[in-house]
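Comments concern the structure below.
The values are calculated or read from the model by the stated rules, or taken from the named source; none is laboratory data. Treat the numbers as computed from the prediction; the structure is a model and nothing was measured. Neighbour counts are summed over all protein chains in view; Cβ atoms, including those assigned to glycine, are modelled from backbone coordinates with ideal geometry. Surface accessibility is based on the protein's heavy atoms, side chains included, excluding ligands, DNA and RNA. Shrake-Rupley method; radii C 1.70, N 1.55, O 1.52, S 1.80 Å.
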Amino acid sequence: MSKGKLNRLVIENYVDGWDDPRLMTLAGLRRRGVTSTAINAFVRGIGITTSDSSMIRLERLEYHVREELNKTASLAMVVLHPLKVVITNLEPSSIIDLDAKKWPDAPVDDASSYYKVDFSLSLYVLVL
């Protein structure tokens, strides 16, 4: 959207100023919760062009935001109604520690991208 159209939205009070989260301004993105690291990665990713007619898709920004959140935000999963499964060929006192990824594209060589899961005789699983 052009600066003229954005200015008209602000002047005619369709939005609450230049930092309205609905606008694609730096202040609006920051109020929406986009980190400066994600904005900088997005800008580096699109590069510099002299063409006025180049359109940049919103998915490019969302990709960089997701990449940043994968690195910084902790994820959690909850199962509301788990199903108890009993494994019969495992010793009752044995507990196996398994490594689970914090997110699907976690780097293999980074230890901080994994967490420990205890695997024992009684295991609750999600059945869809």
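A few comments on the model shown:
- Unique residue being within 23 Å of the chain's Cα centre (by Cα) and under 30 Å from residue 4 (Cβ atoms) when the list is 59, 67: 59
- Hey, residue 14 open to solvent by 60 Å² or more (accessible area, probe 1.4 Å) and not in a loop (DSSP other than H, G, I, E, B) or not: no
- Residue satisfying condition, being open to solvent by 60 Å² or more (accessible area, probe 1.4 Å), over 25 Å from the mean Cα position of the chain (by Cα) and not small (Gly, Ala, Ser), within set 82, 104: 82
- Taking each residue of region 70-98 that is under 30 Å from residue 34 (Cβ atoms) and looking for partners that are in a loop (DSSP other than H, G, I, E, B) with beta-carbon atoms closer than 7 Å, six or more apart or interchain, yields 70/103; 70/105; 75/102; 75/103.
- Complete set of residues in region 38-62 that are open to solvent by 100 Å² or more (accessible area, probe 1.4 Å) and either touching a helix residue (DSSP H, G or I) at 6+ places or on another chain (Cβ under 8 Å) or on the phi > 0 side of the Ramachandran plot (or both): 60
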